[in-house]
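Participant: The structure that follows is given in the form of structure tokens.
Just so it is clear, none of the values below were taken in a lab; they were calculated from the coordinates. Please read these numbers as outputs of a predicted model, since none were measured by experiment. Don't worry about glycine lacking a Cβ; one is built from the backbone with ideal geometry, like all the others, and counts go over all protein chains shown.
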Amino acid sequence: MARFLIRLIINTIALWLTTLIVAGVSVVSYGTEGDTVALVLTYLLVGLIFGLVNGIIGNLIRIVAFPLYILTLGLIALIVNGLLLLLVAWISSLLGFGLTVDGFWWGVLGAIVLGLLSWLIGILLRPLVGRKRS
């Protein structure tokens, strides 16, 4: 359970930094304009949705499309990750708040930045978590 919460926080921080870096990706809070708590909870909810979508649907797509990954030398992963980010934006828009992506290519760029930031934050936090490799 602790590992899940740490991954949720890592994804949330990476998502927040992605919205600061990529102009076409933003988060709409469910609260008023200056409500910081509502904004943080919105980021946590979108991070949870992203983790679930990436963990369930993303892994399923990666298994089914494995030959396509090999054929394109993994470049199709950029397109798949962009589509998964658009799916997260669509799911969160059904809630009336959350992630907004301006278009497909903004989604691809946002997914690249989000993946890199999540990887980097995970590396930085690994000594603090104390996760041992077997």
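Participant: Can you name every residue in the range 7-50 that is exposed (fewer than 14 other Cβ atoms within 10 Å of the Cβ) and among the hydroxyl-bearing types (Ser, Thr, Tyr)?
Facilitator: THR32, THR36, listed by residue number.
Participant: Is there any pair with a first residue in the range 12-28 that is in contact (Cβ under 8 Å) with a residue 60 or more places away in the chain and a second that is surrounded by fewer than 19 Cβ atoms within 10 Å (Cβ to Cβ) and hydroxyl-bearing (Ser, Thr, Tyr) whose Cβ atoms are under 7 Å apart and which are 6 or more apart or on different chains, and what are they?
Facilitator: Pairs found: SER26/THR100; VAL28/THR100.
Participant: Go over the candidates LEU120, LEU124, LEU73, LEU84 one by one and state the one that is on the phi > 0 side of the Ramachandran plot and not basic (Lys, Arg).
Facilitator: After ruling out the rest, the residue left standing is LEU73.
Participant: With the requirement that a residue be farther than 19 Å from ASN11 by Cβ and free of Cβ contacts under 8 Å to residues at least 12 places away in the same chain, what does the range 67-121 give you?
Facilitator: PRO67, LEU68, TYR69, ILE70, LEU71, THR72, LEU73, GLY74, LEU75, ILE76, LEU94 - these are the residues of the range 67-121 that are farther than 19 Å from ASN11 by Cβ and free of Cβ contacts under 8 Å to residues at least 12 places away in the same chain.
Participant: Moving on. Hey, among the residues in the range 56-81 that are of a type in the set (Gly, Ala, Ser) and out of contact with any Leu (no Cβ under 8 Å at 6 or more places or on another chain), which one's surrounded by the fewest Cβ atoms within 10 Å (Cβ to Cβ)?
Facilitator: Checking each candidate, the answer is GLY74.
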